[in-house]
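A short worksheet on the structure shown next.
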Amino acid sequence: MKKIAYIFAIGATLFAATSCKQNTEPKFERATTMELNTPPLANQLFTLTPEGTFDLTWSQPDWGFAAAAKYQVEASFEEDFHYYENDTPAFYFTMPTVYTKCAAEVKMEDLAVAICTLRGISDPAQYTEEPARVVYLRVHGYIDGIPESSVYSNVIRLEQVKEYCAVRVPGKLYLVGEPEGWLGPEAANAAHYADWALTEPEDAIDSKVYSGSFAIGSGKAMFRFYTALTGWDDDSWGSQKDDNPVDYTFSDGQFNGAIDGPGFKGSYKFADWTGGNMNFKVDLNAKTIVITTE
C-alpha cells in the first residue's frame, strides 16, 4: 500500500511540474491599448525640412509576451482617420519607415510626403504654398505573421505643421552616350534627357530599379548611366571606374552584366550592334544590368 501511495505521489509531482511548465509558456493575447505620448512641440509652429527629424515615443502593446514587433507612424487631417465624404484626398497616410522599438526618430521628410499626399498632390507642379495646418498622428503596431496582433495607438494633434513640396515621384536613371549625342548630363539639359530616362515603377518608388526602352542606331551602342543631372562626375554609374569603354556582346538577344557607382564612368560598348530597340532593367541595389533586344 505504501508503494502504491509513493508511486501516486511521484505521479502527482510530475503532473504538477508539467502543468506549471505549460502555464508559463508564452501565449499570444490580443493587445487593446498603445499609448502615444504627445511631444513637447505639439503646440508650436513646426516647420518641416528635408534633413530634419522629430522624436515620438509610445508604450509597448501587451501581446502576452515580449514580441519582436514593428511600428509605423500614420498621419491624417481628420482626428478620426476616416474618409472624407468625397474620398479625396486619402484619409490617412502610412509613413514607410518601420521601427522596431517604442521610440522613433521620425524623418520630417516622411511627414512632408504624408501631407502632400493627403493634399492630393501627385506632381511637384501642383504644389502651392499653404499656411501651417493641424495634423493628427497615430502609431500602428503589429507582429509579422499574426494579423490579429494589429493595434493602433491613441491620436495626438500637432497644431501648426508647415510642410514643403515633398511629392514622391518615380526616380529616374539617365542613359548618357552615343545614342543621345553625349550632351552634358546637366540640369540645363533636362528637357533633352527626358527622352533618355529609365524610370522606377509607380508602385515601387525608391526601389532603385529602373526600366526603359530606346531605339539605338547601328554603331551607336555605347553608353553609361546617371542618377542625376549634376555634371559628368558625381552621379555616374558604369561598367568600371575608369573612363574607358568595355566591350560586350549579346547572347541570344540578351546581356546580363554588372554596374557600379557612383563615380564609375566606364561605358558599355556593343561594337557589333546593327540597330534596333534595347530594353533595359537596371537594379542599383543588386548592381545588375539586363538588356534585351528586339
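A few notes on this one:
- Modelled spin-label separation between ASN37 and ASP55, with each label point placed 7 Å from Cα along the Cα-to-Cβ direction: 0.8 nm.
- Peptides 214-220, 271-277, 105-111, 171-177 ranked from most to least packed give 171-177, 105-111, 214-220, 271-277, packing being the mean of other C-beta atoms within 10 angstrom over each peptide's residues.
- Cα-projected label distance for ALA215 with GLU29, points at 7 Å along beta-carbon direction, nm: 6.9 nm
- Annotation for ASP233 and ASP283: the two label points, set 7 Å from Cα along the Cα-Cβ direction, are 3.3 nm apart.
- Rounded FRET efficiency, nearest 0.05, which uses the C-beta distance separating GLN254 from CYS165 and R0 of 35 Å: 0.30
- Seen from LEU137, the other residues with C-beta closer than 9 Å to its C-beta sum to a net charge of +1, counting Lys and Arg as +1 and Asp and Glu as -1.
- Using alpha-carbon coordinates, inclination of helix 2-23 to the longest axis of the chain, degrees: 40 degrees
- Averaged per residue, the chain has 55 square angstrom of accessible surface, using a 1.4 angstrom probe with ligands and nucleic acids left out.
- Expressed as a whole percent, the accessible area of the chain that falls on carbon and sulfur atoms is 52 (1.4 Å probe).
The values are calculated or read from the model by the stated rules, or taken from the named source; none is laboratory data. If you're wondering where the values come from, they're calculated on a predicted model, not measured in any experiment. Positions of Cβ are generated from backbone atoms using ideal geometry, with glycine treated the same way; all protein chains shown enter the neighbour counts. Just the protein is used for accessible areas: all its heavy atoms, side chains included, with ligands, DNA and RNA removed. Shrake-Rupley method; radii C 1.70, N 1.55, O 1.52, S 1.80 Å.
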